[in-house]
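What follows is one structure encoded as structure tokens, with my remarks underneath.
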Amino acid sequence: MSALAALNIPMHSALKRLTILLALAGERLILHVHVSRPLLLSVYAIAFGAFIAGIGDLEFDLGGYIFAGMSCLVQAAFLVLLKKAHISQSISNTGLVYYNALLSLPFVAGVAYFGGDIQEALAFPKWSDSGFQVRTLAELRLP
């Protein structure tokens, strides 16, 4: 979110397109997966488009670009490690989602607590409103 605060939305979107290029590079290095030439050319075209978009950015913010780059690297590493776990551990897609949520819960809780989000949620004035409770429970139901 820090990158999005420092960059305009089209620029942030263009930079996030580099994630797939980094994920393919990581898969080649770690998993030794080779992709087809047409797929590689299309990913290069996407990366080139992101580079062209970056040249025209009139509101250049180095911090925003650093945060966006870090976000791309972390997301690409996550995708590669997820694929590695899926291949080596024979875990189902549902199992991967479950373990990802379970492992990220302490980090998300820490960010929410230290960022003040938990206190802000607890101070929400409509918790006792029955209409709010009914609508919230109706939207939380599992399909």
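Readers should treat all values here as calculations from the given coordinates under stated rules, not as data from a laboratory. It should be emphasised that the depicted structure is a prediction, and the values quoted were computed from it without experimental measurement. Cβ: placed from backbone, ideal geometry, glycine included. Neighbour counts: every protein chain shown.
Structure summary
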| quantity | calculated |
| --- | --- |
| Relative compactness, segment 91-143, computed as alpha-carbon Rg over 2.2 N^0.38 Å | 1.53 |
| Structure-derived Rg/Rh (Cα atoms, Kirkwood Rh) - corresponding label in (1) 1.42; (2) 1.03; (3) 1.07 | (3) |
| Burial ranking of peptide ranges 75-82, 59-66 (average Cβ count within 10 Å, highest at the top) | 75-82, 59-66 |
| Rounded Å value of the spacing that divides the Cα centres of segment 71-123 and segment 19-68 | 23 |
